[in-house]
Amino acid sequence: MDTPRKKKKAVSRRAFLQTMGGGAVGAGVVSRVLGKEMPALQAGPGPMDVVSSKTISLTVNGRKVKVAAEAGETLLQVLREKLQLTGAKRVCNRGECGGCTVLVGGKPVYACHTLALQIDGAEILTVEGLAEGDKLHPVQQAFIDKDGYQCGFCTPGFIMASVGLLKKNPQPTFDEIRAGVSGNLCRCGNYQKIYAAVGAAAETMRRG
Amino acid sequence: MKAFQFGSPKSLEQVTAYLAGADGDVRLMGGGTDLLGEIKEGTIQPDVVVDLKAVPGLAFIRRDADGLAIGACTAVADLAADPDVARDYRGLHEAAAVVASPQLRNMGTVGGNLCQRPRCWYFRDAATVCNKKGGSQCFAEQGRNKYHAVFGGGLCWSVYPSDLAPALIALESKVVVASPQGERTIPLAEFYAPPIVNVRKENILSRQDVVKEIRVPAPKKGDRGAYVKFMERGAWDFAVVSAAVKLTLAGNSISDVRIVCGGVAPVPWRLKAAEDALRGRTVSESAAAQAAARAAGDARPLAENGYKVDIFKAVVARAVLAAAKG
């Protein structure tokens, strides 16, 4: 390993310790330390930032949060284990079943297969952020009205995939609904009622 | 999962400079949809993962007189949603639209799709050391091989899973590669290399190379395209067989044609015999079927994947007819 990388690593470790020790306050300190120690970085290309962990800023359901995450930590781990938002489920943990679906920047993604550090600064919407007070989001209400769930474990993921679909395509055809939630699996096999719920939600949202 | 470090580059120069001096296992990540799977399964244990999405200016779709330029970090979903691509490059549009699931198309990048690793279950099993992982055999050859190659097998019978690669090769696309030594542009057809060249990887990139952008030539008058993907499930699956076709029609006659298949060989598989059979002919169901049958003559199926040859013939013929329809 060459010298610049070693130096960079040392900074990273210190940054890591400060972050872990100081929480949100530590994060502020880290960026000031990094800024002061490496003014040259701003001018030229300089060496790439390489860290073992970092305090990232997220806007989760409209609330700004700072949270320390390790390089290998996923968005799902951050949501469930650090922010206590357990609506997104850990099921396959390999980006295949959709149980962990949340919106990042308004688009549905698999939180289990998204590294937290990669989305520093992003806006996240989880199922917990859909309702306004006691008033459910039209997609949530439609899943209740149309029996869009059986055991319910896949439901938060399906709801978020549906919210993402309707943002992009407010009037989907039946085939577009099927394709739109094709990244989510329902082990109970309740697909027909899920499609009906998405269709009903689109109708409600269209009427306003 | 072994802990790794995370690299957040501010420029492509930072990436190539880092790669020039790196001595550990450094992996480049686009959306991470494939790479994280490898890390979680333990088939790779990188020291550093470099987030290419952090590099500004790598996500774009630009049109100019030369054609189309697509940044390596462009989301597959953005490619699928681009109206110009849908109008002028229908085969590419159709391929992008059937990549994986909506979530994975939002996460995954065009560059990552072109650099993804095969899905062979022996290769993806950390405990199985096959030829591709430095071992001394291909376990699929005598093992379970329902989804494996029917063309170009031997050292490795995995199939190349990318949907975008066949579509982009049919369009004679090029890939711009950045490295510490500078940039170079390679035809995408030459970017992939069969197992005989190096069974450990599917392309000619070195560990210091970074895919930067894809260039697709401007369509010529009479150019048409299509992408047909056969999946075992109705959605969200890898291709059992896929075929990308670019046709140039003069009246009803085929003046030029390129056909590239996915899911049938360790690399995207060009069907020159079928192309020769079609060139100069009038578009018809029988011409398409004859060309597909000619290409299928080279197939060498294994014990469990003979069915793929029949599907291959149907998919190729359908793709030719779909392209001709425009």
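The values are calculated or read from the model by the stated rules, or taken from the named source; none is laboratory data. Not measured: the values here are computed from a predicted model. Positions of Cβ are backbone-derived with ideal geometry, glycine not excepted, and every protein chain shown enters the neighbour counts.
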Quiz item: What's the number of the condition B:GLY71 fails, among (1) within 14 Å of another protein chain (Cβ to nearest Cβ); (2) buried (at least 18 other Cβ atoms within 10 Å of the Cβ)?
Solution: (1)
Exercise. Quickly run through the range B:38-48 and pick out the residues that are facing another protein chain (nearest Cβ under 7 Å) and in contact (Cβ under 8 Å) with a residue 40 or more places away in the chain.
Key: B:VAL48
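Out of the residues in the range B:200-216 meeting the condition of being more than 14 Å from the chain's Cα centre (by Cα) and surrounded by 14 or more Cβ atoms within 10 Å (Cβ to Cβ), tell me which one is farthest from B:ALA20 (Cα to Cα).
In the first step, residues of the range B:200-216 are kept if they are more than 14 Å from the chain's Cα centre (by Cα); the result is B:200, B:205-210, B:212-213, B:215-216.
Restricting the remaining residues to those that are surrounded by 14 or more Cβ atoms within 10 Å (Cβ to Cβ) gives B:205, B:208-210, B:212-213, B:215-216.
Numbers: B:LEU205: 14, B:GLN208: 6, B:ASP209: 10, B:VAL210: 12, B:LYS212: 16, B:GLU213: 20, B:ARG215: 26, B:VAL216: 29 Å.
My answer is B:VAL216.
To keep it simple, each residue is scored yes or no on (1) at pLDDT below 95; (2) more than 16 Å from A:GLY106 (Cα to Cα); (3) crowded, with 16+ Cβ neighbours inside 10 Å; (4) of a type outside the set (S, T, N, Q).
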site	(1), (2), (3), (4)
A:GLY152	no, yes, no, yes
A:ASN169	no, no, no, no
A:ILE177	no, yes, yes, yes
A:GLN192	no, yes, no, no
A:MET205	no, yes, yes, yes
Quiz item: Looking at B:ARG215, is it farther than 19 Å from B:TYR160 by Cβ and not in a strand (DSSP E or B)?
Solution: no
Quiz item: Only one of B:ALA149, B:ALA140, B:ALA96, B:ALA167 is away from chain A (no Cβ under 14 Å) and closer than 23 Å to B:VAL210 by Cα; which?
Solution: B:ALA167
Practice problem: Working only within the range B:1-36, note down all residues that are more than 7 Å from chain A (Cβ to nearest Cβ) and not in a helix (DSSP H, G or I). | Solution: B:LYS2, B:LYS10, B:ALA22, B:GLY24, B:ASP25, B:VAL26, B:ARG27, B:LEU28, B:MET29, B:GLY30, B:GLY31, B:ASP34
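Please go through the range B:218-238 and pick out each residue that is outside any loop (DSSP other than H, G, I, E, B) and within 14 Å of chain A (Cβ to nearest Cβ).
First pass over the range B:218-238, keeping only residues outside any loop (DSSP other than H, G, I, E, B): B:223-230.
The answer is B:LYS229, and nothing else.
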Quiz item: If you go through the range B:83-115, how many residues are out of contact with any Leu (no Cβ under 9 Å at 6 or more places or on another chain) and not in a helix (DSSP H, G or I)?
Solution: 4
Self-check item: Count - residues of the range B:1-40 that are charged (D, E, K, R) and modelled with pLDDT under 95
Solution: 2
Exercise. Go through (1) within 23 Å of A:CYS112 (Cα to Cα); (2) touching a helix residue (DSSP H, G or I) at 6+ places or on another chain (Cβ under 8 Å) and name the single condition A:GLY189 misses.
Key: (2)
Quiz prompt | Selected residue (only one of A:LEU76, A:LEU85 is in contact with a Ser or Thr (Cβ under 8 Å, 6 or more places away or on another chain), away from chain B (no Cβ under 14 Å) and either under 21 Å from A:GLY164 (Cα atoms) or modelled with pLDDT of 50 or more (or both)) | solution = A:LEU85
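Does A:ALA196 meet the test of being surrounded by fewer than 20 Cβ atoms within 10 Å (Cβ to Cβ) and of a type in the set (A, V, I, L, M, F, W, C)? Before the answer, list the steps.
Numbers: surrounded by fewer than 20 Cβ atoms within 10 Å (Cβ to Cβ): yes; of a type in the set (A, V, I, L, M, F, W, C): yes.
Judged against the criteria, A:ALA196 is a match.
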Quiz item: Restricting to the range B:277-326, what's the tally of residues that are within 23 Å of the chain's Cα centre (by Cα), part of a helix (DSSP H, G or I) and charged (D, E, K, R)?
Solution: 4
